[in-house]
Amino acid sequence: MSKPDLSIEIAGIRMRNPIMPASGTFGFGKELCGTVDLNALGALVTKGTSLHPWHGNPYPRTVETPAGMLNAIGLQNEGVHSFIEDKLPWLKQFDVPVIVNVVGKTVEEYAEVARILDKADGIAGLEINVSCPNVKEGCIAFGCSAEGTARVVRAVRQVTRLPVIPKLSPNVTDIVEIAHASVEAGADALCLINTLLGTAIDPWTRRFKLANITGGLSGPAIKPIALRMVHEVSNAVKVPIIGVGGIMTAEDAVEFILAGASAVQVGTATFVNPRAINEIVVGLGEYLEKIKFSDVRKLIGAVGS
Amino acid sequence: MNTLDCEPKTQTSCEILSNEPAAPNVMVLTARGSHIARDTLPGQFINIACADRRGHDPLLRRPFSVYRVNKREGDFAVLYVIRGRGTDYLKDRKPGETADVVGPLGKGFDLPAADIHLLVAGGSGAAPLSMLADHLRAKYPRADVVSLLGAQTAVGLVCETDFRLHVSRCEIATEDATRGQKGLVTDLLEKELDAVGSQSSRVYACGPHEMLKKVSEICAARDVPCQVSIETHMACGVGVCMGCAVKVKDESAPDGWTYQRCCLEGPVFDAQKVIWE
């Protein structure tokens, strides 16, 4: 059998494999470009990018938890103009689709960022962050309701022809409802899940461990929840799903693909092992060889078959 | 942008050579890693995994300043305080076992010339300054390199023997007067700077946050250049998560400040650029 085919196409974005970094765990590619082969990634998903620069939250921003961590970074970024002037030209030297994660405090801000990115050259798609739990306004306010999510997706849809991929929050009563509303508003694919809202307290100082009090839980601890939601949503909608939440190994990635994801994102794993993403790509190829599947697409939604 | 951004953040499996107590609750771990021994600059750190067989708990690596390197032998050492779950795991590691290390990481100390270099160490902060003393002595054989060591009590003093190999003078202060002058290491710093006269001096500090803040104030008042090695919680240690935020003055930012990363723009910072809180 010749080498398995790992390539996938999502919303018109052609990827050499279904593995990409999760937003906020890979910067804009520069810090790990000497460590990870960027040309071996399925895509590169950038840190959340806002209209104006955002400072982010005060320190402490991270806390380790059992088999996971909380983060309350607060979407620190230099803004979309800095991205277009400094980071995008640098990214163009690589042969990897660039998906820009878009954040905003108002519907207008999301749309304005999308409009600016639509005009730029070298962007393959937009991931719409309606679900980050760490910013006071926007994001979570929108992502917790079907109506709020739809409003943002519609506003973005109107200003761009780029693939629009909302990233959904798990901190909701019914993620399937939000998924439906996103698709009806024009989403080309869905990414789920974002982090779960959590907190931690230091018993000896008797204070919260995060300056922001709450943060988003990520890592192996959340995998069962993420996997269940990917499965539920993939059964409910027809657009491709990008699954994310606690993937540390190629086998974890396979679980998400079997559950219905066409591609996956790897986040916290990179903090533990900077080369995790490259290793997961290799591991996925080895898995397909072992089970004698020639094509990763045969695995999508194939649980139980 | 920082040239360290693109530097490889290399992962190495390092054979542990020794892991011994240096003081109550303080250990020194030595391991083999020739590229770490070769490439580490004073003030840089390494990120060590603290879980069984790459398990998921404790999940994250722990960052430690590099204490010593031996380029000829190809080994390096870190000095660490047993403080939480990660270091509790690390303290039980034995020679022959493997340390999973990412590094060297971060921006270390700058070594510009001066008549007098004052190294201000609080407790285990002595470790990276010990490596710095070695480098300063090698680069500036005729300069005065002076170490000021402080601890709560005599048994908390570490690295004294290493310092005495490289420095012209080593002064000690303990809060309970069990060794040296009674009081804080910052008292020693004030005394030294008062005696400097017309000579040029530079200060390098590592220790508890309150100590660094006080050192910064003392140096600002006397217009003495000062570098501080700051410690924060870290998740990734390689500059991608934005967790290790240090507030610094930044003229290019609209409101004059920004958060920089302790793991990439630091851990060594210009004390006068830090916004101390």
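Scanning the stretch A:77-109 for residues that are in contact with a Lys or Arg (Cβ under 8 Å, 6 or more places away or on another chain) and surrounded by fewer than 18 Cβ atoms within 10 Å (Cβ to Cβ) returns A:90, A:107. Considering (1) more than 13 Å from every other protein chain (Cβ to nearest Cβ); (2) polar (S, T, N, Q); (3) crowded, with 21+ Cβ neighbours inside 10 Å, say which one residue A:7 fails and leave the rest. Result: residue A:7 passes all but (3).
Taken over the stretch A:86-133, the criterion of being touching a Leu at 6+ places or on another chain (Cβ under 7 Å) and of a type in the set (Ser, Thr, Tyr) is satisfied by A:131 alone. Could you tell me whether any residue of the stretch A:165-185 is within 19 Å of residue A:66 (Cα to Cα) and open to solvent by 50 Å² or more (accessible area, probe 1.4 Å)? No, that holds for no residue.
If only residues of the stretch A:158-184 that are more than 14 Å from the chain's Cα centre (by Cα) and among the β-branched types (Val, Ile, Thr) are counted, the one that is farthest from residue A:223 (Cα to Cα) is A:159.
With respect to the conditions (1) touching a residue at least 12 places away in the same chain (Cβ under 8 Å); (2) within 14 Å of chain B (Cβ to nearest Cβ), residue A:99 lacks only one, and its number is (2).
Just to be sure before I move on: is residue B:19 surrounded by 19 or more Cβ atoms within 10 Å (Cβ to Cβ) and at pLDDT 95 or above in the structure I sent? Considered against the rule, which asks whether it is surrounded by 19 or more Cβ atoms within 10 Å (Cβ to Cβ) and at pLDDT 95 or above, residue B:19 comes out as yes. Six or more apart or on different chains, Cβ atoms under 8 Å: show the pairs whose first residue is in the stretch A:186-200 and under 16 Å from residue A:48 (Cα atoms) and whose second is assigned to a loop (DSSP other than H, G, I, E, B) and of a type in the set (Gly, Ala, Ser). Hits for this filter: A:192/A:245; A:193/A:131; A:193/A:169; A:193/A:245; A:194/A:131; A:194/A:169. Restricting the stretch A:29-76 to residues that are among the aliphatic types (A, V, I, L, M) and open to solvent by 20 Å² or more (accessible area, probe 1.4 Å) leaves a set whose member that is nearest to the other protein chains (Cβ to nearest Cβ) is A:67. Report yes if some residue within the stretch A:54-76 is over 21 Å from residue A:246 (Cα atoms) and touching a helix residue (DSSP H, G or I) at 6+ places or on another chain (Cβ under 6 Å); otherwise report no. Looking for residues that are over 21 Å from residue A:246 (Cα atoms) and touching a helix residue (DSSP H, G or I) at 6+ places or on another chain (Cβ under 6 Å), one finds none in the stretch A:54-76, hence no. Within the stretch B:111-139, residues that are over 16 Å from residue B:160 (Cβ atoms) have Cβ atoms under 6 Å from residues that are among the acidic types (Asp, Glu) and outside any helix (DSSP H, G or I) in these pairs: B:116/B:144, counting only partners at least 6 apart in sequence or on another chain. Of the residues in the stretch B:52-60, not one is under 19 Å from the mean Cα position of the chain (by Cα), buried (at least 24 other Cβ atoms within 10 Å of the Cβ) and of a type in the set (A, V, I, L, M, F, W, C).
Evaluating residue A:79 against the criteria (1) at the interface with chain B (Cβ under 7 Å from one of its Cβ atoms); (2) without any contact (Cβ under 8 Å) to a residue 40 or more places away in the chain; (3) small (Gly, Ala, Ser) leaves one unmet condition, (1). Residue under question is residue A:205, and the condition is that it be within 23 Å of residue B:242 (Cα to Cα) and at pLDDT 95 or above; does it hold? Criteria not met by residue A:205. When the criteria are applied in full, residue A:257 fails the requirement of being open to solvent by less than 10 Å² (accessible area, probe 1.4 Å), in contact (Cβ under 8 Å) with a residue 24 or more places away in the chain and either part of a loop (DSSP other than H, G, I, E, B) or over 21 Å from residue A:14 (Cα atoms) (or both). Among the numbered conditions (1) over 24 Å from residue A:13 (Cα atoms); (2) at pLDDT below 95; (3) within 16 Å of the chain's Cα centre (by Cα), the only one that residue A:106 does not meet is (3).
Under the condition of being among the charged types (D, E, K, R) and in contact (Cβ under 8 Å) with a residue 24 or more places away in the chain, which residue from the stretch B:187-216 is farthest from the other protein chains (Cβ to nearest Cβ)? Among residues in the stretch B:187-216 that are among the charged types (D, E, K, R) and in contact (Cβ under 8 Å) with a residue 24 or more places away in the chain, the one farthest from the other protein chains (Cβ to nearest Cβ) is B:192. Only one of the listed residues (B:32, B:83) is over 26 Å from residue B:270 (Cβ atoms) and more than 14 Å from chain A (Cβ to nearest Cβ). That residue is B:32. Looking across the stretch B:138-153, just one residue is assigned to a helix (DSSP H, G or I) and either surrounded by 24 or more Cβ atoms within 10 Å (Cβ to Cβ) or basic (Lys, Arg) (or both), and that is B:139. Checking each residue in the stretch A:82-91 for being more than 9 Å from chain B (Cβ to nearest Cβ) and either under 23 Å from residue A:244 (Cβ atoms) or charged (D, E, K, R) (or both) picks out A:83, A:85, A:87, A:91. Residues that are farther than 16 Å from residue B:13 by Cα and within 12 Å of another protein chain (Cβ to nearest Cβ) within the stretch B:44-59 comprise B:56, B:57, B:58, B:59, listed in sequence order.
Taking the numbered list (1) open to solvent by 20 Å² or more (accessible area, probe 1.4 Å); (2) part of a loop (DSSP other than H, G, I, E, B) in turn, residue A:112 passes all entries but (2).
Looking only at residues in the stretch B:223-240 that are over 14 Å from residue B:43 (Cβ atoms) and open to solvent by 10 Å² or more (accessible area, probe 1.4 Å), the one that is farthest from the other protein chains (Cβ to nearest Cβ) is B:223. Every test in (1) of a type in the set (Val, Ile, Thr); (2) more than 13 Å from chain B (Cβ to nearest Cβ); (3) without any contact (Cβ under 8 Å) to a residue 60 or more places away in the chain is passed by residue A:19 save one, and that test is (3). Has the stretch B:249-262 got any residue that is within 14 Å of chain A (Cβ to nearest Cβ), open to solvent by 30 Å² or more (accessible area, probe 1.4 Å) and in contact with a Phe, Trp or Tyr (Cβ under 7 Å, 6 or more places away or on another chain)? Yes; the residues of the stretch B:249-262 include at least one that is within 14 Å of chain A (Cβ to nearest Cβ), open to solvent by 30 Å² or more (accessible area, probe 1.4 Å) and in contact with a Phe, Trp or Tyr (Cβ under 7 Å, 6 or more places away or on another chain).
None of B:177, B:220, B:195 is within 22 Å of the chain's Cα centre (by Cα) and either surrounded by fewer than 24 Cβ atoms within 10 Å (Cβ to Cβ) or modelled with pLDDT under 95 (or both) except B:220.
The values are calculated or read from the model by the stated rules, or taken from the named source; none is laboratory data. As the structure is a prediction and not an experimental result, all values here were calculated from the model. Neighbour counts are summed over all protein chains in view; Cβ atoms, including those assigned to glycine, are modelled from backbone coordinates with ideal geometry. We work out accessible area using only protein heavy atoms, side chains counted, and drop any ligands, DNA or RNA first. Shrake-Rupley method; radii C 1.70, N 1.55, O 1.52, S 1.80 Å.
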